[in-house]
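> Questions regarding the structure given below will be posed in turn.
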Amino acid sequence: MTDAVIQLNNLNKSFNHSSGSNHVLKDINLKVNSGEMVAIVGQSGSGKSTLLSILGLLELADKGSYELCNQNTRELSEFQLSQLRNQHIGWVFQNFNLIADMTVVENLTAPLRFNKKVKPSEYSQLIHDVLSKVDLTDKKDFFPDELSGGQQQRVAIARALICKPDILLCDEPTGNLDSENSQKIMDLLCELNKEGRTVLIITHDERVALCCQRAYKMSDGILCAVHNQEFKRVV
Ligand SMILES: Nc1ncnc2c1ncn2[C@@H]1O[C@H](COP(=O)(O)OP(=O)(O)OP(=O)(O)O)[C@@H](O)[C@H]1O
């Protein structure tokens, strides 16, 4: 057993097109320890979202190994993968991905219905707890389009937290927000990290990357650690 919650060794991923194959991730090595907050920066099309999809078990790699919480994901069935995903991973997306015709409470209830460990009698307390955490208890009966972008992202973070994951994967979490709301979201993610959650963030925003303890840069499918002294220059 190690402290690593995420460990990738020589991971590769290609996509096949009619015109040939696109080698998107090239021999990726990455180790993230429990409780770290790590940024991945890089140009558009460099492979960041593909990497995050593999980390979140939405895509599978072609070659190499991925251990999530000390489990070799290659040995697991579809069912085991979905259990591992539900147990450990919370997602935060740039576009919030809330369901438009559901209220805040209904959006938060949806993931609970897939979680066999939570009884329906526990739903309302869990929903109250996560809405308190993101300071939105007064908006529980609102629909997403009745909320500001920053509020929608806070609901999305509440949804990511509802099944108590230990890892948050965030794909451009501030990409659609103004600077004041971006700061609020980063303060919230930093607070969640201080409470012990591991946070991985893909970002183009250097202020977001600078909130993290470590950063990696993705360039044309190759992932390199950014060393402390270069951190400010590279992100
Ligand atoms: N499902 C897919 N099928 C085919 N090609 C894909 C697929 N997903 C991603 N790609 C290709 O993989 C490459 C990397 O895409 P990816 O979305 O991972 O980049 P990114 O660094 O996240 O970019 P951005 O910052 O613009 O979101 C691109 O060339 C893209 O066209």
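The values are calculated or read from the model by the stated rules, or taken from the named source; none is laboratory data. These numbers were taken from a predicted model, which means no experiment stands behind them. Cβ placement follows ideal geometry from the backbone for every residue including glycine, while neighbour counts extend to all protein chains displayed.
> Report yes if some residue within the range 67-86 is within 16 Å of the ligand (Cβ to nearest atom) and closer than 17 Å to Pro165 by Cβ; otherwise report no.
Scanning the range 67-86, I find no residue that is within 16 Å of the ligand (Cβ to nearest atom) and closer than 17 Å to Pro165 by Cβ, so the answer is no.
> For the range 1-25, give me each residue that is out of contact with any Phe, Trp or Tyr (no Cβ under 9 Å at 6 or more places or on another chain) and either free of Cβ contacts under 8 Å to residues at least 40 places away in the same chain or buried (at least 16 other Cβ atoms within 10 Å of the Cβ) (or both).
Correct list: Asp3, Ala4, Val5, Lys13, Ser14, Phe15, Asn16, His17, Ser18, Ser19, Gly20, Leu25.
> Scan (1) over 18 Å from Gly221 (Cβ atoms); (2) away from the ligand (no atom under 12 Å from the Cβ); (3) not acidic (Asp, Glu) for the single condition Leu8 breaks and write down its number.
Unmet for Leu8, out of (1) over 18 Å from Gly221 (Cβ atoms); (2) away from the ligand (no atom under 12 Å from the Cβ); (3) not acidic (Asp, Glu): (1).
> While we're on this one: Filter the range 167-201 down to residues that are within 16 Å of the ligand (Cβ to nearest atom) and among the polar types (S, T, N, Q) and give me whichever is nearest to the chain's Cα centre (by Cα). If you could, list the steps in order and put the result at the bottom.
Of all residues in the range 167-201, those within 16 Å of the ligand (Cβ to nearest atom) come to 169-176, 200-201.
Cutting the leftovers down to among the polar types (S, T, N, Q) gives us 174, 176.
Details: Thr174: 12, Asn176: 16 Å.
Across the range 167-201, the extreme among qualifying residues is Thr174.
> In the set Leu55, Leu51, which member is near the ligand (Cβ under 10 Å from one of its atoms), closer than 19 Å to Ile167 by Cα and under 15 Å from the mean Cα position of the chain (by Cα)? Working first, answer last.
On the way: Leu55 fails: near the ligand (Cβ under 10 Å from one of its atoms).
Result: Leu51 is the single residue among Leu55, Leu51 that is near the ligand (Cβ under 10 Å from one of its atoms), closer than 19 Å to Ile167 by Cα and under 15 Å from the mean Cα position of the chain (by Cα).
> For the range 90-102, check the following and say yes or no: at least one residue is away from the ligand (no atom under 16 Å from the Cβ), at pLDDT 95 or above, within 20 Å of the chain's Cα centre (by Cα) and assigned to a loop (DSSP other than H, G, I, E, B).
Scanning the range 90-102 turns up at least one residue that is away from the ligand (no atom under 16 Å from the Cβ), at pLDDT 95 or above, within 20 Å of the chain's Cα centre (by Cα) and assigned to a loop (DSSP other than H, G, I, E, B).
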